[in-house]
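For reference, the structure is listed below as structure tokens.
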Amino acid sequence: MRAVITVIGQDRVGILARVSQACAKVDANILDVTQSVLQDIFVMVMLVDIQNLKEEFGSFADTMKELGKDWGLAIHVMHEDIFNSMHRI
Amino acid sequence: MLNIHDILETITMIEDEKLDIRTITMGISLLDCTDEDIQVSCRRVYDKVCKKAENLLKVGEDIEKEYGIPIINKRISVTPIAILKAAAKGDCVEYAKTMDKIADTVGVNFIGGYSALVQKGFTKGDLDLIASIPQALAQTKKVCSSVNIGSTRAGINLDAVKLMGQAILKTAELTAQEQCIGSAKLVVFCNAPDDNPFMAGAFHGIGEGEAVIHVGVSGPGVVRSAVEKAGDCSISELAEIIKKTAFKITRMGQLVASEASKRLGVPFGIVDLSLAPTPAVGDSVAHILEAMGLEKCGAHGTTAALAILNDAVKKGGVMASSRVGGLSGAFIPVTEDAGMIDAARCGALSIEKLEAMTAVCSVGLDMIIVPGDTTAEVLAAIIADEAAIGMINGKTTAVRLIPAIGKKVGEELFFGDLLGEGPVMKLNTNSPAKLIARGGQIPAPLHSLKN
């Protein structure tokens with residue numbers, strides 16, 4: 001099972017490190033990372049393998065959300081199927 | 001790798017445009033729960049539904065977390081209770097109380113199926129159930145009731161229309177202390193679908209299987225935003241844009257439906273492709289119509305805009321789902337739609353215009369507050385008019401009116417939550433009493449010579 005982590009907000013040093021550290025802590029294996037700045041907003045999309053995730057998916061999503069809060073980042077963790085089903089026939 | 005723009009589009013739809021799954025509804029057959037003793041029958045109903053739906057809430061919440069998509073309601077629909085009542089002796093309200101208890105135990109916010117299908121005549125069970133509706137809705141919180149009084153194949157049971165006019169009024173009177181809320185849980189249908197996941201009209205049709213999962217999608221905000229972004233394009237281009245948006249919304253519904261069905265071990269039924277508004281700002285069907293180019297919902301042109309919207313939603317949605325059903329289309333419940341509430345308050349939207357709108361969209365005269373001194377005959381005549389539109393056009397129509405006991409045109413009722421609020425709307429009060437008193441069956445229409 002794979003999940004998509006999206007990080008949206010103001011760019012600053014250390015975002016990637018912060019997010020990937022949190023992933024490593026729970027054995028979420030990062031498969032791919034894309035990032036860009038769209039209309040002055042930093043956007044990072046990460047594809048992670050959560051086959052061996054050490055905690056419940058729900059609490060992982062909550063942890064990531066919290067992680068972004070103090071840096072003013074919106075971090076979402078969602079199952080990749082939602083994007084596949086909406087944007088692929 | 002997924003396209004970054006696609007990902008952001010999905011997140012914007014959910015976060016900013018209020019895209020959600022409106023409901024996961026589990027339909028459960030109660031045909032094996034009959035008994036001559038109503039207490040025994042009620043116990044069977046309770047045991048069966050609680051067992052079947054025990055994981056409904058948890059599975060819904062798990063899916064919500066995993067896919068990051070809000071699932072607003074988890075609900076249950078059951079076999080029309082009038083069928084069980086036909087066998088059982090005793091007070092039909094016992095079934096309603098049992099249903100309310102089930103809703104509390106399982107944790108769903110509504111349970112539908114306190115229903116009767118009387119398009120061609122009454123059984124004793126049907127009559128018992130209809131007579132008990134006001135008390136059933138007054139004594140319960142989460143039970144929804146519906147009665148199908150007509151169909152394209154059977155015509156309209158005018159005796160039932162008359163009874164339902166009285167039932168709506170009585171229900172409002174009994175719940176007058178609670179903003180007449182009882183009537184908001186009572187729908188009168190023509191051509192009621194067997195697989196509707198939306199309340200208050202959901203019931204588990206007798207042609208359905210043992211248990212089934214239906215999903216109702218929503219997303220007026222997403223469609224409005226797409227229409228707004230489209231700018232000054234032609235109406236054909238606009239229809240295309242709505243179609244594409246509806247496709248995406250429905251794909252999400254299909255995903256959730258198949259996942260819920262797999263996890264609950266219950267067959268997938270249908271996805272209902274509806275645009276269901278909520279009173280929240282940005283979640284309004286009226287605002288889509290206004291974004292299409294109307295100064296206010298209710299203006300001349302509203303029926304045309306709604307017809308385009310409704311058709312495009314279906315065309316986009318049908319391809320996105322393996323099975324589509326229910327009420328599929330745009331809903332226009334007045335008190336549940338911020339734009340409709342505004343339009344009704346400023347007088348731009350009348351009940352006559354709403355009636356015309358129901359000829360081209362899903363459902364019918366929905367969540368309309370009428371004066372408290374409206375007679376049962378006028379209510380019945382509104383039902384008859386609406387049912388005639390459904391019968392002749394071969395579509396589902398419904399009536400959910402709330403007589404505001406003790407209030408006049410311009411005063412308001414406040415239900416809160418998804419049911420919303422709104423002003424009392426003006427009705428034509430010339431008496432239809434003689435027509436309604438005639439009773440009998442309105443004959444089924446001709447299926448050729450369509451003019």
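The values are calculated or read from the model by the stated rules, or taken from the named source; none is laboratory data. In this text the structure is predicted, and so the values were computed from the model without any measurement. Every residue, glycine as well, gets a Cβ built from its backbone with ideal geometry; the counts of neighbours run over all protein chains shown. To get the accessible areas, we keep the full protein, side chains included, count just its heavy atoms, and leave off ligands, DNA and RNA. Shrake-Rupley method; radii C 1.70, N 1.55, O 1.52, S 1.80 Å.
Of the residues making up segment B:1-57, those that are under 24 Å from the mean Cα position of the chain (by Cα), within 14 Å of chain A (Cβ to nearest Cβ) and not in a helix (DSSP H, G or I) are B:17, B:19, B:20, B:21.
Restricted to segment A:61-89, and to residues there that are of a type in the set (D, E, K, R) and free of Cβ contacts under 8 Å to residues at least 60 places away in the same chain, the residue that is surrounded by the most Cβ atoms within 10 Å (Cβ to Cβ) is A:81. Does residue B:262 satisfy being in contact (Cβ under 8 Å) with a residue 12 or more places away in the chain and open to solvent by 10 Å² or more (accessible area, probe 1.4 Å)? Considered against the rule, which asks whether it is in contact (Cβ under 8 Å) with a residue 12 or more places away in the chain and open to solvent by 10 Å² or more (accessible area, probe 1.4 Å), residue B:262 comes out as no. Scanning segment B:229-259 for residues that are within 14 Å of chain A (Cβ to nearest Cβ) and open to solvent by 40 Å² or more (accessible area, probe 1.4 Å) turns up B:243, B:244, B:248, B:251, B:258. Among the conditions (1) free of Cβ contacts under 8 Å to residues at least 40 places away in the same chain; (2) within 14 Å of the chain's Cα centre (by Cα), the only one that residue B:229 does not satisfy is (2).
Scanning segment B:342-391 for residues that are of a type in the set (Ser, Thr, Tyr) and open to solvent by 10 Å² or more (accessible area, probe 1.4 Å) gives B:350, B:374, B:375.
Mind telling me which of the residues A:34, A:6 ends up being within 11 Å of chain B (Cβ to nearest Cβ), more than 10 Å from the chain's Cα centre (by Cα) and in a strand (DSSP E or B)?
Within the list A:34, A:6, the selection yields A:34.
Screening the candidates A:4, A:43, A:37, A:19 for the property of being open to solvent by less than 10 Å² (accessible area, probe 1.4 Å), out of contact with any Ser or Thr (no Cβ under 7 Å at 6 or more places or on another chain), within 15 Å of residue B:4 (Cα to Cα) and in contact (Cβ under 8 Å) with a residue 24 or more places away in the chain yields one hit, A:4. Entry remark, segment A:45-89: residues being more than 9 Å from chain B (Cβ to nearest Cβ) and assigned to a strand (DSSP E or B) number 4 in total. Filtered by the rule that a residue be within 14 Å of another protein chain (Cβ to nearest Cβ) and β-branched (Val, Ile, Thr), segment B:58-90 gives B:59, B:63, B:69, B:71.
Looking at B:95, B:67, which is the one that is over 22 Å from residue B:186 (Cβ atoms) and either over 21 Å from the mean Cα position of the chain (by Cα) or of a type in the set (Lys, Arg) (or both)?
The conditions single out B:67.
Per the listing B:285, B:271, B:187, B:281, the residue uniquely within 14 Å of chain A (Cβ to nearest Cβ) and either within 18 Å of the chain's Cα centre (by Cα) or over 30 Å from residue B:30 (Cβ atoms) (or both) is B:271.
Which residues, counting only those in segment B:170-197, are surrounded by fewer than 24 Cβ atoms within 10 Å (Cβ to Cβ) and not in a loop (DSSP other than H, G, I, E, B)? The answer is B:170, B:173, B:174, B:176, B:177, B:178, B:181.
Selection of segment B:313-354 for residues being touching a Gly at 6+ places or on another chain (Cβ under 9 Å), closer than 20 Å to residue B:419 by Cα and in a helix (DSSP H, G or I) yields B:334, B:335, B:336, B:338, B:340, B:341, B:343, B:344, B:345, B:354.
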